[in-house]
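J.: Can you read through this structure? Questions will come right after.
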Amino acid sequence: MMASSYNAKEEDGHHSGASSGTGVSKNKKPDNTAFKQQRLPAWQPILTAGSVLPAFFVIGLIFIPIGIGLYVTSNNIKEFEIDYTGVSSDSPCYNCAKNFTWNTTEPCVCTVNFTLHQPFESNVFMYYGLSNFYQNHRRYVKSRDDRQLNGDLSALTDPSKECEPYRKSGDVSIAPCGAIANSLFNDTLVLYYVDSNNSISEIPLVKKGIAWWTDKHVKFRNPAGNSNLTLAFKDTAKPVNWAKPVYELDPSDPDNNGFINEDFIVWMRTAALPTFRKLYRIIQKKSGTTLTLPNGNYLLNITYNYPVLSFDGRKRMILSTISWMGGKNPFLGIAYITVGSICFSLGVVLLIIHHKYDNRNTSADIPS
């Protein structure tokens, strides 16, 4: 007994000596703070019929009128759409679609006749639409070089490897590189109006102001140091599927040429869904006139440069007006109406349940 007591005391002395030697007291208790000791004030709401039911009714009464307003506003937007893919043999663009070849020196031209039964009063926005085109594919979205598009000279001659296999043509760097730029939409659309005397007049189409301001002035820049774009891009090659280099996208307007060409910028903002539309031109309302596009007969002259039949795609031309909420899109109004109706219906159901079962005897009768 004495030996064991001696060994225990010796061991205790050894441990206490180790602690005192290091001078550090090992304490695993958390700090005495309100956060670590869980003494922070908390709100624990108790849901009752008096708080839940009014919330459901208020949400329903707010969302339903907003949804109706959004839906009516969307339906008041005028829109006209025609498909010019050329799938059927009776389509004016059937031969162009069937006999398409890349980089031909004589592009195919087709003309589609259509009639507007309702006039367009305000500014009209012309879109081109594509279907079954997956711009949201991960590899496709990454296939670009933002430094090159921002005018970086080093990226101009040595693009990012994300652009493969559209990074170089032989030993020469491609500008702009990547799959997005290589698949640039390049159909040309010209609109004509046919009056009652069968005389044809071209509708003026504005090609500037169609891109986002931040894209035009911040994200996209031509190479600095040379105002002559031919010299600035002299050591680069055009994308494989392009008929002309980037500095010839709009030679007549230096502010709309090269990387800052607005048709190019609009295309480079990839779409989230396989069926999408992109702004092509703006038809501005003339001062002193009441109608931008009167009802009547029109001709759409198409230079068919963009093939889509190989992936079962479709091409469309859309004429549309806009409102304070943007273009025609009934989804937001339908969503508000649906959510508001569900909340209001739940409020009614819960109110009935509350009145039916609230008067029941909840006292616990303990027999004597």
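J.: Which is under 24 Å from residue 244 (Cβ atoms) and either out of contact with any His (no Cβ under 7 Å at 6 or more places or on another chain) or in contact (Cβ under 8 Å) with a residue 60 or more places away in the chain (or both), of 113, 99, 136?
T.: Every option except 99 fails the conditions.
J.: Does residue 85 meet the test of being modelled with pLDDT of 90 or more, in a helix (DSSP H, G or I), among the hydroxyl-bearing types (Ser, Thr, Tyr) and out of contact with any helix residue (DSSP H, G or I) (no Cβ under 6 Å at 6 or more places or on another chain)?
T.: no
J.: Let me ask something else. All but one of (1) farther than 20 Å from residue 250 by Cβ; (2) surrounded by 15 or more Cβ atoms within 10 Å (Cβ to Cβ); (3) among the polar types (S, T, N, Q) hold for residue 303; state the number of the condition that does not hold.
T.: With respect to (1) farther than 20 Å from residue 250 by Cβ; (2) surrounded by 15 or more Cβ atoms within 10 Å (Cβ to Cβ); (3) among the polar types (S, T, N, Q), residue 303 is out only on (1).
J.: Say we look at the stretch 309-320 and pick out the residues that are under 21 Å from residue 113 (Cα atoms) and in contact with a Phe, Trp or Tyr (Cβ under 8 Å, 6 or more places away or on another chain); which of these is most open to solvent (accessible area, probe 1.4 Å)?
T.: 316
J.: Considering only the stretch 113-123, I want to know if a residue exists there that is under 30 Å from residue 294 (Cα atoms), modelled with pLDDT under 90 and outside any helix (DSSP H, G or I).
T.: Yes - at least one qualifying residue is present in the stretch 113-123.
J.: Any residue at all in the stretch 284-293 that is in contact with a helix residue (DSSP H, G or I) (Cβ under 8 Å, 6 or more places away or on another chain) and either among the β-branched types (Val, Ile, Thr) or surrounded by 17 or more Cβ atoms within 10 Å (Cβ to Cβ) (or both)?
T.: no
J.: Of (1) out of contact with any strand residue (DSSP E or B) (no Cβ under 7 Å at 6 or more places or on another chain); (2) closer than 19 Å to residue 192 by Cα, residue 282 satisfies all except one. Which?
T.: (1)
J.: Related question: Find all pairs meeting these conditions: Cβ atoms under 9 angstrom apart; at least six residues apart or on different chains; first residue within the stretch 171-182 and under 18 Å from residue 137 (Cβ atoms) and touching a residue at least 24 places away in the same chain (Cβ under 8 Å); second residue surrounded by fewer than 21 Cβ atoms within 10 Å (Cβ to Cβ) and of a type in the set (Ser, Thr, Tyr).
T.: 177/160; 178/140; 178/160; 179/140; 180/140; 180/270
J.: Looking only at residues that are among the hydrophobic types (A, V, I, L, M, F, W, C), open to solvent by less than 80 Å² (accessible area, probe 1.4 Å) and over 21 Å from the mean Cα position of the chain (by Cα) in the stretch 195-239, which one is farthest from residue 265 (Cα to Cα)?
T.: The extreme case among them is 203.
J.: Right, another one. Considering every residue within the stretch 90-107, establish whether at least one is closer than 18 Å to residue 297 by Cα and assigned to a strand (DSSP E or B).
T.: Within the stretch 90-107, not a single residue is closer than 18 Å to residue 297 by Cα and assigned to a strand (DSSP E or B).
J.: Looking at (1) part of a helix (DSSP H, G or I); (2) at pLDDT below 90, which is the one condition that is false for residue 72?
T.: Going through (1) part of a helix (DSSP H, G or I); (2) at pLDDT below 90 one by one, residue 72 breaks only (2).
J.: Listed residues 342, 352, 334; which is outside any loop (DSSP other than H, G, I, E, B), open to solvent by 60 Å² or more (accessible area, probe 1.4 Å) and modelled with pLDDT under 95?
T.: 352
J.: Tell me which residues, restricted to the stretch 183-192, are open to solvent by less than 50 Å² (accessible area, probe 1.4 Å) and in contact with a Leu (Cβ under 8 Å, 6 or more places away or on another chain).
T.: 185, 189, 190, 191
J.: Restricted to the stretch 240-258, and to residues that are within 14 Å of residue 216 (Cβ to Cβ) and of a type in the set (Asp, Glu), which residue is least open to solvent (accessible area, probe 1.4 Å)?
T.: 250
The values are calculated or read from the model by the stated rules, or taken from the named source; none is laboratory data. Only a predicted model underlies this, so the values are computations on that prediction, with no experimental measurement involved. Neighbour counts are summed over all protein chains in view; Cβ atoms, including those assigned to glycine, are modelled from backbone coordinates with ideal geometry. Heads up: the accessible areas ignore ligands, DNA and RNA and are worked out on the full protein's heavy atoms, side chains in. Shrake-Rupley method; radii C 1.70, N 1.55, O 1.52, S 1.80 Å.
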